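Coordinate-derived values only; no laboratory data. Owing to the predicted nature of the structure, the values given are computational and were not obtained by experimental measurement. Heads up, the Cβs are rebuilt from the backbone with ideal geometry, glycines too, and the neighbour counts pull from every protein chain shown.
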Amino acid sequence: MARLVIVSNRVPPPRAKGAASAGGLAVALQSFVSSGTLWFGWSGRVTERTPGKPKIVNGGGVTYATIDLGAEDYDRFYVGFANSSLWPLLHFRLGLMRYRREDFEGYLAVNAAFAEALIPMLRPDDMIWVHDYHLIPFADALRARGFTGRIGFFLHIPFVPPSVLDALPPARALMRSLCAYDVVGFQTRTHLQDFLDCARRFGGFAVEGEEVVTEGGRVRAIADPIGIDAPSFARVAARSAGTDYIRRLTESLTGRALAISAERLDYSKGLPNRFEGFARLLARFPQHHRTVSLLQIAARSREDVVEYQALRRELDRLAGDINGRFSQFDWVPLRYMTQTVARTKLAGLFRIARIGLVTPLRDGMNLVAKEFVAAQDPADPGVLVLSRFAGAAEELTEALLVNPYDPDEIAEAMNTALEMSLEERQERHAALRRAVFEVTAARYCNVFVEALAGEAGAGPPPAN
Ligand code: F6P
């Protein structure tokens, strides 16, 4: 059987077999990072120069090969093109997009340097699965260095229609790079359709069904929603709910309902709109004063990107404003934390929450929505309030779906959730639970790898 090689910007730390792993991507890929897998990517460290050779560590039968980034490469590739151009663009935030040619050159150069470092470790029949927007030109870079095996790409974040992609100066180069893969995967059918439209418009390629016909072959596009290991998350949540940490929280609530939101501190997550929505709830529905507390966990992220610094200042101000306006001497409506909270603790927090508030302005999938559902006690479940612009909304139709741009809609959904009968909560949760337990992490991996294995290999020659 072909060896699976995973390539992603972030690589999880090596772990002992059976131990709980950290991030969403790591958890989702768990079933595939079995013995023999090679996982390659950035080490997360910034050094003076990007070195030529990766550092290799083995753990649980998996080989982890990571490479540091030189300071200038970090600025151009990670802070610059990936997170100041592509991230805002692909989240429909053109007003926040910054573009500099030298950043795009740095992005290409890091992809080339990563490919150069990986090539000596590859075997001809390896199957390579590349993840996310940092690495779109990676297949081009491998092909240019002679690799002819199968290469697939999965985009974890949204994709945009041609009218939005048009704003990116290297739109054409990027689309041609995406079409150098054998398989390209997206979270939803909407993103998939947008990709096909962009391949036609910017790549200049013909599209037949869900395949793009290039000079060198065919690219198969698939929609493959990512999921979680729901039974395992549900178990962790039930266990965590009995810990001291959760007991302390329950005591501090003194019988009040808990609404919870947890994510990275990112402008795509709609945090100011959500704060405003919560303020509207308190202003328009005063019966909920003293009966509910919102715990917002917004883990600091990408702090070298100026837009993230500005967002943090704005949230500090909004949180202070809400608590100043509505607090009573023995009740603080908004609890706002910017620290990272361990997944096991989060699972327990989700389980005891009455409302899960997941209202991104745009999101590829949003696994927090799925984790919230899995964590609930089916006998007394909380209610999920979900943005209809999260990929998860295509599957989680029994959530209270909202337009996150409208704070009144958020306030009304929170009010509905707080007043919802136990019977309706149970019915909605049963349907959501079925969806979350059906579209699992393992299924996501199987669908993608089967699609990749089914391809003949050797995509088109490098763009330009
Ligand atoms: O969801 C997109 C993503 O870039 C993931 O690949 C990553 O793990 C997460 O966001 C955190 O972002 P960063 O790697 O920039 O800290």
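Cβ-to-Cβ counts within 10 Å put L178, L258 in ascending order as L258, L178, the fewest first. Sparsely packed loop sites in segment 290-387 (the GluC sites (Glu not before Pro) outside DSSP H, G, I, E and B with at most 12 other Cβ atoms within 10 Å) comprise E303. Going through segment 248-314, which chymotrypsin sites (Phe, Trp or Tyr not before Pro) have at most 12 other Cβ atoms within 10 Å and a DSSP loop state? Here no chymotrypsin sites (Phe, Trp or Tyr not before Pro) fit, given the DSSP loop and packing criteria.
Which pairs in the list K269/K370; K55/K370; K53/K345 are over 27 Å apart, alpha-carbon to alpha-carbon? Before the final figure, lay out each step's value.
Working: K269/K370 16 Å; K55/K370 34 Å; K53/K345 37 Å.
K55/K370; K53/K345, as the Cα separations exceed 27 Å there.
For segment 324-381, run through the chymotrypsin sites (Phe, Trp or Tyr not before Pro) and keep only the ones in DSSP coil with at most 12 other Cβ atoms within 10 Å of their Cβ.
On the way: sites: F326, F329, W331, Y336, F350, F372; in loops: F329.
Answer by residue number: F329.
Given 10 Å bins starting at zero, what is the percent of C-alpha pairs of segment 109-216 in each, up to the one with the largest pair distance? Bin by bin from 0 Å, the calculated values are 15, 48, 30, 7, 0.
To the nearest ten degrees, helix 441-453 and the longest principal axis of the Cα atoms of the chain are 20 degrees apart. Of the residues V439, V292, V207, V184, the one with the fewest other Cβ atoms within 10 Å heads the list, and the complete ranking is V207, V439, V292, V184.
Close amide H contacts of V7 (hydrogens built in the peptide plane, cut-off under 5 Å, sequence separation of 5 or more or a different chain): F40, W129, V130, H131.
Taking the convex hull of the alpha carbon positions in segment 283-411 and averaging its projected area over all directions gives 8.9 nm². Under 1.5 on a/c is rounded, so check that first for segment 363-414, then, if it is not, pick prolate when a/b is larger than b/c and oblate when it is not; a ≥ b ≥ c are the square roots of the alpha carbon gyration tensor eigenvalues. Here segment 363-414 falls in the oblate category. Segment 287-310 and segment 354-371 have their alpha-carbon centroids 14 Å apart. Only helical runs count toward this figure. For the chain, summing -39,500 (n - 2.57) over DSSP H runs of n ≥ 4 and dividing by all residues gives -11500 deg cm²/dmol at 222 nm. Counting only Cα atoms, the chain measures 67, 47, 44 Å along its principal axes, largest extent leading.
Antiparallel versus total DSSP beta bridges in the chain: what percent is that, nearest 5?
On the way: 12 of 64 bridges.
Roughly 20 percent of the beta bridges in the chain run antiparallel, per DSSP.
Ranking of E263, E72, E215 by neighbouring Cβ atoms within 10 Å, starting from the fewest: E215, E72, E263.
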